[in-house]
Amino acid sequence: MKKIKQNLILIICFLSLSNVYSQPPQIVQLINQVNKDSIALYIRQLSGDTSCVIGGAPYTILSRHKNQPGNDKAAQFIYEKFQSWGYQVQYESFSSTGKNVIATKQGMNDSQAYFVICAHYDNMPTGTTAPGADDNASGTATVLELARVFSKYNSNYTIKFIGFDEEEQGLVGSNYYATQARNRNDSIIGVINLDMTAYDANNDGIVDVHSNNVANTSQIANEWINNIYQYGIALTPRMVTSQPYSDHYSFHQKNYGAILAIEYDLEFNPRYHTVNDKFQYLNMNYAHKIAQVTAATAAEYIQVLSTNAVTVFTNVGWNLLSIPIQPLDGRKSVLFPGATSYAYTFDGTYITKDTLEIGKGYWLKFNSAQNHNISGQPISSLSISLKQGWNLIGTLNGTIPVSSVTTSPPNILSSPFYEYNGGYATSQQLEKGKGYWVKSSQNGSMTISLSGKSSTAFNGNQSNFKSALIFRAGNKVQKLFISEFKYDAEFFELPPVPPQGSFDVRFMNNSIVNNLNEDNSVIQIQSDIFPVELTFESQNTNELISIFIFRNGKEEEITLSKNDKILLGEAENIIRIKKKELPTNFILLQNYPNPFNPNTNIKFYIKEKSKVSLLVYNLQGQLIETLIDRELETGFHTINFDGSKLPSGIYFYELKARNFREIKKMILLK
């Protein structure tokens, strides 16, 4: 920006402070999101007062002059910031050395009209050291901060945030953009150019607004000034005749309405275009106020939509969750202040995040069940990037059938969707507030929509499996399945193990299914609660399985039939399982548990309908109790023995049926 002398047209006096101005709540909310500290950090990073990260590596921008390497680095820094907030970003090259950086957020209606907030990022002087904190890291930092804020809001009209290059060489970048826009016949609603917005040495708050009669320029200027009073922002505006020394002029030349917001010309920064244009001389309260007025004006022109509040419920312990709307403030500490863990998401491995994003899933831990109120803007559809392998994704504020999910390229999902409710389970619908795992066969994207309709039957249904092992730890449940036929092992692979301390049970090959004919039919249990109850469910009354557990230094076999249960202790977190052939004769099994106090189950198999007696004796051979003495049908039978009225000791139980007789020992240990 070149220093200029201007004639004062008028001091705004037509607005009475006693007037009552309407303050749309969504705009009040938006301008309150504009953060002074963020603007300050961006200025410091752009002016070399502190380092930043560019391309994943630390870098200090010492100069942004077109002939210095820091110019390209500054462009990349702006590009990566825009990209991190979810914008469509592009470089617009206009020469071998110059390029503009353009970020676009599409509006919700079908109009092609858009609004522009811009600033030039190049600077002076020409040497290797040129901080340019005020000229024009201040304007560029404001563009970045407003891009961050607007990324959370939907609007009827599109907004573009642009960093122009080579303004100091004669508005080269902005002239190129405006010329191309006119050649395309772009419909530009208006432009706010920000140049030198942070110097106010005497703290009088005077700000110059450059205006003229081109297109709707004067309307934009009046609206910008009106918003100072409407939202109670402590600035004193001057409307001055527009001068041709900053990027708004390029738009005037193409008959587009554009204004310039700039610091008071009669209090011009004396360090401008010198190596002393440093952050330490700036007034961040002043810069913050200019940013807020600009935000309010742009929000009105693009018709920012109202925000909603939704409630997300979390259980005690680990939760797999997501944010169903675009949050106004995505920080974990704001969204979930009661969380007792880091927020973990997944990118090939678990990583922690301080700021949560819509479309991603997160692990968070809580000490109690809680409801969380989240404010933000609703989104009706969302495209989510997928990487080859497992992806932890979020959903929207509603229920979405998984069969309505589309992908690009088509048909790249290679697993069901898994939710976590104390254990992994497949889900046929995506519900608000929950996070989900899904696996992709290649890099791509998936689209979810609140208006999505089921298109095909969900192929992750597990009802075809006739048998299951159900593990329970308190109110946490994990179900594993036993297959009688060949199955797609990759399709039924379980997602990555949840964080330590959560409940998880899986076959050692990471599958939720096993046919028990394989060598890998070993189950691993992760739990913070013991004992874990294991129940065998089967549609086949006579199906048997054997559970092998290491106890007292040796492997113990426990036979289970339909609906049988056993308890697994903390030391029994790895078990082996295999099918057991149906007996061809009468059989009496070892009681379980054993030792017991005071109840135990005695199981036996009757090969044919017979009169059966089950008797209990003490160590002296005296009959203690007759548990059963009647005719029984073929099959397995389980009888409970209650030893609550007996002293501790060794007891025997005997089964008699036809010509079969067998005795086993059991221990009551109180």
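The values are calculated or read from the model by the stated rules, or taken from the named source; none is laboratory data. What you see is a predicted model; the values in this text were computed from it and never measured. Virtual Cβ from ideal backbone geometry, glycine too; neighbours counted across all protein chains shown. Each accessible area value is taken on the protein alone, full model and side chains, heavy atoms only, with ligands, DNA and RNA left out. Shrake-Rupley method; radii C 1.70, N 1.55, O 1.52, S 1.80 Å.
Details
- Matching entry among Ile323, Ile290 (being within 20 Å of Lys432 (Cα to Cα), of a type in the set (Val, Ile, Thr) and touching a residue at least 40 places away in the same chain (Cβ under 8 Å)): Ile323
- Test result for Ile574, surrounded by 15 or more Cβ atoms within 10 Å (Cβ to Cβ) and closer than 20 Å to Arg472 by Cβ: no
- Residues in the stretch 355-391 that are part of a strand (DSSP E or B) and touching a Leu at 6+ places or on another chain (Cβ under 8 Å): 11 in all.
- Residues located in the stretch 387-400, provided they are open to solvent by 20 Å² or more (accessible area, probe 1.4 Å), without any contact (Cβ under 8 Å) to a residue 60 or more places away in the chain and under 23 Å from Gln478 (Cα atoms): none
- Only a single criterion out of (1) within 30 Å of Leu146 (Cα to Cα); (2) of a type in the set (S, T, N, Q); (3) without any contact (Cβ under 8 Å) to a residue 40 or more places away in the chain is not satisfied by Thr340, namely (1).
- Hits in the stretch 265-278 - residues which are under 25 Å from Trp224 (Cβ atoms), surrounded by 15 or more Cβ atoms within 10 Å (Cβ to Cβ) and not charged (D, E, K, R): Phe268, Asn269, Tyr272
- Check on Ala339, surrounded by fewer than 19 Cβ atoms within 10 Å (Cβ to Cβ) and more than 13 Å from the chain's Cα centre (by Cα): no
- The condition of being touching a Lys or Arg at 6+ places or on another chain (Cβ under 7 Å) and open to solvent by 60 Å² or more (accessible area, probe 1.4 Å) does not hold for Thr349.
- Qualifying residue in the stretch 157-175 (condition: part of a helix (DSSP H, G or I), open to solvent by less than 20 Å² (accessible area, probe 1.4 Å), touching a residue at least 12 places away in the same chain (Cβ under 8 Å) and over 21 Å from Ser84 (Cβ atoms)): yes
- Ile575 vs. criteria touching a Leu at 6+ places or on another chain (Cβ under 8 Å) and under 24 Å from Val522 (Cα atoms): yes
- Residue check for Lys152: open to solvent by 10 Å² or more (accessible area, probe 1.4 Å), in contact (Cβ under 8 Å) with a residue 24 or more places away in the chain and in contact with a Pro (Cβ under 7 Å, 6 or more places away or on another chain): yes
- Only one entry in Tyr281, Tyr301 is in contact with a Phe, Trp or Tyr (Cβ under 6 Å, 6 or more places away or on another chain), touching a residue at least 12 places away in the same chain (Cβ under 8 Å) and open to solvent by 30 Å² or more (accessible area, probe 1.4 Å), namely Tyr301.
Per-residue answers, yes or no, for (1) closer than 14 Å to Tyr653 by Cβ; (2) at pLDDT 95 or above:
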| residue | (1), (2) |
| --- | --- |
| Phe604 | yes, no |
| Lys611 | no, yes |
| Gln622 | yes, yes |
| Glu625 | yes, yes |
| Glu633 | no, no |
| Phe636 | no, no |
| Asn640 | yes, yes |
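- Tyr229, sole failed condition from (1) crowded, with 20+ Cβ neighbours inside 10 Å; (2) out of contact with any strand residue (DSSP E or B) (no Cβ under 7 Å at 6 or more places or on another chain): (1)
- Selection from the stretch 459-478 of residues that are of a type outside the set (A, V, I, L, M, F, W, C) and either crowded, with 21+ Cβ neighbours inside 10 Å or modelled with pLDDT of 95 or more (or both): Arg472, Lys476, Gln478
- Selected residue [closer than 27 Å to Thr584 by Cα, at pLDDT below 90 and either open to solvent by 70 Å² or more (accessible area, probe 1.4 Å) or among the hydrophobic types (A, V, I, L, M, F, W, C) (or both)] from Phe485, Phe536, Phe548: Phe485
- Positions within the stretch 184-199 being among the charged types (D, E, K, R) and open to solvent by 10 Å² or more (accessible area, probe 1.4 Å), in sequence order: Arg184, Asp186
- Residue match in the stretch 368-381 (condition: touching a helix residue (DSSP H, G or I) at 6+ places or on another chain (Cβ under 8 Å) and of a type in the set (A, V, I, L, M)): yes
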